[in-house]
Amino acid sequence: MGYKKEKWEIQFEEYQNGGLDKNLEEVKAKYNNKEIDAKQYIKEQKRIEKIKNNLSKVENLVKFRYELNDLKSMLEDELINRYGQAKSIVNSKEIDKKIEESDKKNEELLTRIDEIKAKLKNKNLTKNEIENLQKGLKENEKKLDANNKEFLELNARRNNNKQSSIEQANGQQFSMLKSDDLKKEYSKVCMKLSRNNFFAKRLLKGYDIESIKIEDKNIDWEAKKYTINAKQIEKIKKLKEAAKENEKSIDKSEKTPEKITEETEKKIGEDVKEIMKDKESTELIEVSEFERKHPRLAKIAKFFSNIKNKISNKKENDVQVDTDEQKKNDEAENNGQKIEEQQENNLQKEKEVPKNKHNDFIKRLNDMNQYEISDVAEKGMDGIKEDRMSEAKKRLMENKQKSAKASKDKYEQGLNDYYKNHGINKTKVDNTNYIDLSKNDDDAR
């Protein structure tokens, strides 16, 4: 489904392309024409200035919306996939029941037809009885044909459902995630999109981040309905299919037929001449009268003649064949082993792919859940990532220093215990500072 822009996104693009300057000119014109007073003019001027300052923040939210919208679309595809599978299972059960009924009906009709045929063998039947039996036979045979046709259609539908289920299962990207958890994650993403829209709209009205954060805290986002049911999934599916069809029609309309140039015509002419030459050369081959009159029989005769020639040549090539056969067997065995190994590797990879996809998806979801909208607006996703990296480096350095201090304390404690046990005065023996924490890890010790 194509990306549909929100109204605030369109407004943001207008403001970026000089819309705010145009608004300011209009306000100035109203003030000059005395349509508004100085107080109103200054107030509107300040509001437009605030919006200008907020544009970079809104740009960050536009990028974040793209990410959230992509995630939402992926979740929708997976929900549609699973909904289709569940629906397919229900349909398959209904079809299986109908096939069973059709099979039973078939047996009944065949029994009835056999009974009528047996009765018709009776030579003592009257003309009227024969006519009635023949009429009944035709009716039952007609019913049998119709029932067989229905049976074949049902069987074809069942096979299609099975194939569809296999394709859906293969296309599943998050097979390790339960459907209920999938719906919860979908609700979270939808809620985050709504909050993202809320912040962007307020920023485009000139509000500052702190006041929007206070408003955001006072809204009970959890109380809003972000659930999804079968009816909504069906609606989303239709919208996505309609969007795909629309894209296909656009692609077709953009394609233009190729023009036949003079060079192309020349090339076609050369090809035709070549074909005519080939035709003339093939016509010179002699064809016997028997082959002209009976082409099919001539082919059969030629086939048996080839077999005869092969049999006569077989004895001469027996020794060579045995050697070649042994080589082929050895090669086949080696190839068979290689194929088995390849199949095992492929099977292992196929098992790993869903797990990797699942892990990547969960990681992406968790990453998106950690983004706070106000932080995204002020710093952007890249800025937040840099902050996270700095924080991680800081924690790593702190842990290294703690580890170094613990090592030093342990070492000194060991020395103290040794000196104490052996009655040695430490101050007279060792004044060395073995671990200097002021040195960087990169410096040689």
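Three semi-axes describe the equivalent ellipsoid of the stretch 382-429; taken as square roots of 5 times the Cα gyration tensor eigenvalues and ordered largest first, they are 42, 8, 4 Å.
Computing FRET efficiency as 1/(1 + (r/R0)^6) for LEU55 and LYS405, where r is the C-beta to C-beta distance and R0 is 56 Å, gives about 0.70. One chain, two ends: LYS149 and ASN421. Fully extended at 0.36 nm per residue, the span grows by 87.9 nm beyond their Cα-Cα distance.
Just to verify a number: FRET efficiency for GLU386 and ALA223, C-beta to C-beta distance, R0 = 35 Å, to 0.05? Step by step, r from the Cβ atoms, then E = 0.50.
Beyond a 22 Å Cα-Cα separation, which of these cross-linked pairs lie in this structure: LYS201/LYS379; LYS117/LYS143; LYS224/LYS385? The answer is LYS224/LYS385. For the residue pairs LYS192/LYS238; LYS22/LYS52; LYS192/LYS393; LYS5/LYS30; LYS5/LYS57; LYS30/LYS205, the C-alpha atoms sit more than 22 angstrom apart in LYS192/LYS238; LYS192/LYS393; LYS5/LYS30.
Values quoted throughout were computed directly from the atomic coordinates according to the rules given, and no laboratory measurement underlies them. Computed from a prediction, not measured in an experiment: that's the story for all the values here. Every residue, glycine among them, receives a Cβ derived from its backbone with ideal geometry; neighbour counts consider all protein chains shown.
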